[in-house]
Amino acid sequence: MKHVKETILNKKIWQAALLGVLLFGGKSAVFAQGGYADVLLRMGVASRSEAMGRAYTAVIGSPESAFYNPAASTAMESRMIDLSIRALPLDRSFSYVGFSTAIRPKSKNTDVQKQPLGGGLALSWIRAGVSNIDGRDSDGEKFGSYSNSQNLVNFTFGLRPGERVAIGMTARLFWNRFPNIGEDDATVSSRAFGFDLGTLITLADGLWLGAVYKNINAKFSWDSGKLYERGTSTIDRFPKHWRIGVAISRLHKNFLFALDLESSDKQDPKLYAGGEYAILPQANLRAGIRDGNPAFGAAYRFALGSRVSYLHYAFVAQPDEVSAEHIFSWSFQF
């Protein structure tokens, strides 16, 4: 009887310890990104940006551009949808859906000074999850399995106050959920709201400068008091990031090069660089480097009925991972 009581007590202790590691100590470290609440934002989104090393603050032309810089939503030439999924080790999953369109109000007024402001709109949804997290007692015996899911919805709006200047804002809503954890298989969850501010300046034809300030006001509030007698509450704040980047396509009509510098109040500055080259009118090759990790990719453009579609692929090396990442995306205009 004493052994049974000790085993039950050990289970409860290790359940509480696991909850503390996942929520309070390691936070979202299950995604191997290291200890901060904004891990979902730092996993990137679709194939084009990943293959270009996430040097994307000044890159335009796709819904994922609005994810990195809300002002880029104003540069869309047509409505476009992105669908993306990636293959990940360690029982993890990641998917992304994005939509972006330019807003071009029509006016009969021929006075340039009185034309309505142009703009852009973007929406996206990201879901990431991890399953089969072992719960073990002090003897190493498995007594349960845990999982985590995170969802992020982005709403982006941009304006062009001038011919070569754009500004934008992204409002973000996060859900972070740990189901079937605690004494009565309860669910621990938290929501967070934050926003980004960005600008995009066209310095010359084929030369863009972008800047963005991210994760303003974002934080998770956790409370395990409903799960355990000695539960605790804590605030998990998102690091505030700033990025500045440049993109240039005027050096060669078939080549785009981008360079980003990022820093935050929690991490040292990081450098991102990437490029894209059109080897054929319908095919592109891409390469990049993200904080020392190389990435490669390609895209193929084709007609789907009367619409233009793109298939994208990216390979991203991950020295600290079990294996590299493979990202597949499909984009189409309509």
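All of the numbers you see were taken from the coordinates with simple rules; none came from a lab. Please read these numbers as outputs of a predicted model, since none were measured by experiment. In this analysis, Cβ positions are derived from the backbone assuming ideal geometry, glycine residues included, and neighbour counts consider all displayed protein chains.
Summing +1 for each Lys or Arg and -1 for each Asp or Glu among the other residues whose beta-carbon sits under 11 angstrom from that of Ser329 gives -1. If you take the beta carbon distance between Phe334 and Leu203 as r and set R0 to 41 Å, what does 1/(1 + (r/R0)^6) give as a FRET efficiency, to the nearest 0.05? Taking R0 as 41 Å, the efficiency between Phe334 and Leu203 is 0.85.
Positive contributions from Lys and Arg (+1) and negative ones from Asp and Glu (-1), summed over other residues with Cβ under 9 Å from the Cβ of Lys270, come out at -3. Across region 68-79, computed HN-Hα scalar couplings (Karplus, 6.51 cos²θ - 1.76 cosθ + 1.60, θ = phi - 60°) run 7, 8, x, 5, 5, 5, 6, 9, 5, 8, 7, 6 Hz from first to last residue, x flagging Gly and Pro.
Taking a sphere under 15 Å around the Cβ of His241 and counting the other residues whose Cβ falls inside, with K and R at +1 and D and E at -1, yields a net charge of +4. Over 21 Å apart at the Cα level, from the set Lys219/Lys240; Lys240/Lys270; Lys214/Lys253; Lys219/Lys270, are Lys214/Lys253; Lys219/Lys270.
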